[in-house]
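Enquirer: After the structure tokens below, expect a handful of questions from me.
Read-outs throughout are calculated quantities, based only on the coordinates presented, and are distinct from any laboratory measurement. Note that the structure is predicted; figures quoted are calculated from it, not measured. Glycine also receives a Cβ, built like all others from the backbone with ideal geometry; neighbour counts cover every protein chain displayed.
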Amino acid sequence: MSEHTAQPGTPPWAAWLALKALPLWSSAGYDPTRHLYHERLAFDATPLPLPHLRLMVQARQIATFCQARLDGVFNAADNALHALATVQARYWQTDGQPGWVFAIGPDGRPSSTVRDLYAHAFILFAYAWAYRLSGEPALLAVAQKTVLEVESIFHAPHGGFADAVPAPDATRRQNPHMHLLEAYLALFEATADQFYLDRAQSLVTLAHERFISPRSGLLLEFFGPDWTPSHAYGQNPVEPGHLFEWAWLLGAYTRLNPTDKAVPALRHVAEHLYQSGRRHGVTHRLVRDGMMDDGTLTQTGTRIWPQTELLRLLACRQAEGGSTAEDSRLQTDLTRLFFADFAPAHLHGGWIDRMGPDGTPAVDHMPASSLYHIYGAAKAHLPPPEHT
């Protein structure tokens, strides 16, 4: 599929990506002077300058546009690879210390030298997709060095890693570990190197043993230094979107490592996360923002990313023959709501990231970071790319 055209009969997700979203975010969303992506756009697609350009956002955009090229959906890969070279030059060890700085300022210098695990996970994810696209050995070498830096910089007792260095608090979080798992799986798919699968397996074990409450079977968000839940039962926050995200990741892991003896248990866990998220976190056909570990819904606003995580999971269940009639109805309804409310036609490939409990927009801009989630959902709805 060419850069600005979609073939007759193109599925709706593919047409929207190829003709609306990816053209917008590769043009208005890209700064050709700095060879970096903008953090956010106004609803009229005007770039909104910010004092910080976060590593995480750059990495997400790079990974997305590399995937789009590989999937035959849209080709802005040259800009993505150019951005990756800029990111490597501007963010990696630029303060003379190992690892990647959290953000740079408008002058291109580090504006935050914090080492953030979440950001490191996403730069690894970007290198996985860039290497898969280009086959350039130098990219893989940087990824391997970054993995070793992660294990040195963020080393922590009781398994897993510290969230950030210096640490903002004593809380430990599952979220950066989830994205590190995603990065290791992407690197394994790109290389078939056991080096990455072994690290993915360790994170899956940590999640199974620590992140998922044996009492509720739900994935908790926050923990003490020894991975004890941060609060008593009924007071631990749970994000329905992360239940669906982890269910998808566990499915991806079991597909890539089918000989792991834990696979049957992990499949059971993934199904429980999905069913619990559906039962407690979805109302009026939309995924809500938050609940507690006793199933009590506490945040009834909606963001775009949890909708996309459920959409991706539903599409994968359908492809694997595991969806029910109710799954199919929800997938249809959620797709309709996505294009009607979150990505309406008048935004021409943009989106409304957050809605209030009453369903009205709760933001005045379009964050670039949402594209990563949206592309994941869209990709699951696309036909397999044709290889010639």
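Enquirer: Cut-off is 10 Å between beta-carbons; in what order do 261, 145 appear when sorted fewest neighbours first? Let's see the in-between values first.
Expert: Numbers: 261 6, 145 14.
Taking fewest neighbouring Cβ atoms as first place, the list is 261, 145.
Enquirer: For residue 20, go through the lysines and keep the ones whose alpha-carbon is under 29 Å away, minus same-chain ones fewer than eight residues off.
Expert: Here the lysines satisfying the reach criterion relative to residue 20 are 379.
Enquirer: How high is the relative contact order of the chain, in percent, counting Cα pairs under 8 Å that sit 6 or more residues apart?
Expert: 16 percent
Enquirer: Counting each DSSP H run of 4 or more residues in the chain as -39500 (n - 2.57), what helix-only mean residue ellipticity at 222 nm follows after dividing by all residues, to the nearest 500 deg cm²/dmol?
Expert: Working: 13 runs with 184 residues, N = 388.
The per-residue figure over the chain is -15500 deg cm²/dmol.
Enquirer: Just to confirm the filter: which GluC sites (Glu not before Pro) across segment 291-372 are DSSP coil and have at most 13 other Cβ within 10 angstrom of their Cβ?
Expert: Numbers: sites: 309, 320, 326; in loops: 320.
Qualifying residues, ordered by number: 320.
Enquirer: Oh, and also: Which order results if 272, 242 are arranged by neighbouring Cβ count within 10 Å, fewest first?
Expert: Neighbour counts put them in this order, fewest first: 272, 242.
Enquirer: I'd like the distance separating the alpha-carbon centroids of segment 298-319 and segment 10-45, in whole Å.
Expert: 22 Å
Enquirer: Do you know the relative contact order of segment 1-136, to the nearest whole percent, from alpha carbon pairs under 8 angstrom that are 6+ apart? Provide the component values of the computation, followed by the final result.
Expert: Working: 204 pairs, mean separation 30.3, N = 136.
About 22 percent, as a whole number.
Enquirer: Right, another one. Can you give the net charge of the other residues whose Cβ lies under 14 Å from the Cβ of residue 345, counting K and R as +1 and D and E as -1?
Expert: Here the count lands on +1.
Enquirer: Right, another one. Around residue 111, which amide H atoms from residues at least 5 apart in sequence, or from another chain, sit under 5 Å from its own amide H, with H modelled in the peptide plane?
Expert: 103, 104, 105
Enquirer: Related question: What does the charge count near residue 319 come to, summing +1 for each Lys or Arg and -1 for each Asp or Glu among other residues with Cβ under 13 Å from its Cβ?
Expert: Working: positive: 255, 312, 317, 379; negative: 320, 327.
Within the 13 Å Cβ shell, the charges total +2.
Enquirer: Same structure again: Around residue 203, under 15 Å between beta carbons, what's the net of Lys plus Arg minus Asp minus Glu among the other residues? Spell out each step's value before the answer.
Expert: Working: positive: 172, 173, 199, 210; negative: 151, 163, 182, 198, 209, 245, 260.
For residues surrounding residue 203, the net value is -3.
Enquirer: Here is a further query. Stretch residue 94-residue 52 to full length: gain in nm at 0.36 nm per residue minus the Cα-Cα span? Don't jump to the answer; show the numbers that get you there.
Expert: Numbers: separation 42, 0.36 × 42 = 15.12 nm, distance 1.56 nm.
Here the segment from residue 94 to residue 52 would lengthen by 13.6 nm.
Enquirer: Evaluate E = 1/(1 + (r/R0)^6) for residue 171 and residue 279, where r is the Cβ-Cβ distance and R0 equals 30 Å; express this FRET efficiency to the nearest 0.05. Present the calculation step by step, with values, prior to reporting the outcome.
Expert: Numbers: r = 28 Å, r/R0 = 0.92.
My answer for the efficiency is 0.60.
Enquirer: Rank the residues 142, 263 as a footprinting-exposure proxy: fewest other Cβ atoms within 10 Å of their Cβ go first.
Expert: Working: 142 18, 263 15.
The most exposed by this proxy come first: 263, 142.
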